[in-house]
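**Student:** Below is the structure I would like to discuss, written out as structure tokens.
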Amino acid sequence: MDDKSVISMLTMVEGIGAWSVHMFLIFSLHRPDVLPVGDGGVQMLYGLEEVPRPSQMEKICERWRPYRSVGSWYMWRLSEGKAVSGGNNGGGAVSGVGEIGHHQALLLDNVQVDR
């Protein structure tokens, strides 16, 4: 069964939304190419004022295909690193040092964001 069918079936259950299904696909079914389009990680990573629309999120994260689950996981980890380090030094995209900064650079390399 493909991911769209799983999302469609599970979101018919009251109380289960697309984000919950995406987490299920990533962490329980270990699907490598799931992009939780409603997640705030991309917003924080790119220093956007609001969570991108699903179509924007797809465009922003296209270069992570076929491993968008991994890209999503790194977004969350970068967000955690930002919270632990006490912020992002006055706004903008997440900034980090060492390992976090290295991985952020890999994710952002050659990615264009329409603002």
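No lab work stands behind these numbers, since they all come straight from the coordinates. What you are looking at is a predicted structure, and each value in this text was computed from that prediction instead of being measured. Glycine also receives a Cβ, built like all others from the backbone with ideal geometry; neighbour counts cover every protein chain displayed.
**Student:** Once phi is turned into θ = phi - 60°, what whole-Hz ³J(HN,Hα) does the Karplus curve with 6.51, -1.76 and 1.60 give for every residue of region 55-65, x standing for Gly and Pro?
**Tutor:** Values, residue by residue: 5, 5, 4, 4, 5, 4, 9, 4, 5, 7, 4 Hz.
**Student:** How long are the three semi-axes of the equivalent ellipsoid of region 1-69, in whole Å, if each is the root of 5 times an eigenvalue of the C-alpha gyration tensor, listed from largest down? Could the numbers behind the result be given before it?
**Tutor:** Numbers: eigenvalues 90, 42, 19 Å².
Each semi-axis is the square root of five times an eigenvalue, giving 21, 14, 10 Å.
**Student:** What are the ³J(HN,Hα) values, in whole Hz, obtained from phi via the Karplus relation 6.51 cos²θ - 1.76 cosθ + 1.60 with θ = phi - 60°, for each residue of region 39-49 in sequence order, with x given for Gly and Pro?
**Tutor:** 7, x, x, 5, 4, 5, 4, 9, x, 7, 6
**Student:** What are the GluC sites (Glu not before Pro) within region 1-89 that DSSP puts in a loop, where the Cβ has at most 16 other Cβ atoms within 10 Å?
**Tutor:** On the way: sites: 14, 49, 50, 58, 62, 80; in loops: 14, 49, 50.
Filter output for region 1-89: 14, 49, 50.
**Student:** Let me ask something additional. Sort 35-47, 63-75 for me by packing, meaning the mean count of neighbouring Cβ atoms within 10 Å per residue, highest on top.
**Tutor:** Numbers: 35-47: 19.1, 63-75: 17.1.
Output ranking for 35-47, 63-75: 35-47, 63-75.
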